[in-house]
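Read the structure below first, then the notes.
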Amino acid sequence: MCRNIKVLHNFEPHATSEEVHAAALQYVRKVSGSAHPSKANEEAFNRAVAEIAHITEHLLEDLVTTAPPRSREAEAAKARARAAVRFGTA
């Protein structure tokens with residue numbers, strides 16, 4: 001499940017709220033061991049996702065780097081090339 005969490009730092013344009021929320025959701029799913037919480041745990045699950053997304057946005061705002069921003073298109077092309085090698089479609 002954690003493979004679905006993407007690097008969000010140092011992209012131009014910056015990570016969107018939706019991307020941050022998706023990463024937080026994947027993290028909470030992994031930690032809790034549940035993709036869909038029961039009704040009894042739904043409130044705690046959703047609160048954890050919201051809090052982690054909030055903290056992640058603060059982290060991304062505070063991180064600094066001297067590296068040039070990465071391109072989403074270039075990173076996607078690299079991921080496709082890795083997948084082609086991994087799954088034998090190259």
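The values are calculated or read from the model by the stated rules, or taken from the named source; none is laboratory data. Small disclaimer: the values here were computed from a predicted structure and weren't measured. All Cβ positions, even for glycine, are placed from backbone atoms using ideal geometry, and neighbour counts span all protein chains on display. Heads up: the accessible areas ignore ligands, DNA and RNA and are worked out on the full protein's heavy atoms, side chains in. Shrake-Rupley method; radii C 1.70, N 1.55, O 1.52, S 1.80 Å.
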| trypsin sites (Lys or Arg not before Pro), restricted to the chain: which are DSSP loop and have at most 13 other Cβ atoms within 10 Å? | Lys39
| said: Given a 1.4 angstrom probe, I'd like the percentage of the accessible area of the chain that is carbon and sulfur, rounded to a whole number. | reply: 59
| query | So what is the 222 nm mean residue ellipticity for the chain from helices alone, if each DSSP H run of at least 4 adds -39500 (n - 2.57) and you divide by all residues, rounding to the nearest 500 deg cm²/dmol? | reply | -19500 deg cm²/dmol
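Give, rounded to the nearest 20 debye, the magnitude of the charge dipole that the chain has about its Cα centre when Lys and Arg contribute +1 at Cβ and Asp and Glu contribute -1 at Cβ.
On the way: 12 positive and 11 negative charges, 136 e Å.
So the dipole magnitude of the chain works out to roughly 660 debye.
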| How much space per residue, in cubic angstrom, does the convex hull of the C-alpha atoms of segment 22-90 take up? | 131
| note | Nearest 10, in degrees from 0 to 90: the angle of helix 42-62 to the longest Cα principal axis of the chain is 40
| Excluding Ala15 itself, what net charge comes from residues whose Cβ is under 14 Å from its Cβ, given Lys and Arg +1 and Asp and Glu -1? | -4
| field | Under-5 Å amide H pairs with Arg70, H placed in peptide plane, nonlocal only | value | Phe11, Glu12
| request: Sequence neighbours fewer than 8 away in the same chain don't count; with that in mind, list the lysines whose C-alpha is under 22 Å from Lys6. | output: Lys30, Lys78
| field | Taking only Cα atoms of segment 1-45, radius of gyration then Dmax in Å | value | 12.4, 40
| task | Give me the accessible area per residue for the chain, probe 1.4 Å, as a whole number in Å². | result | 76
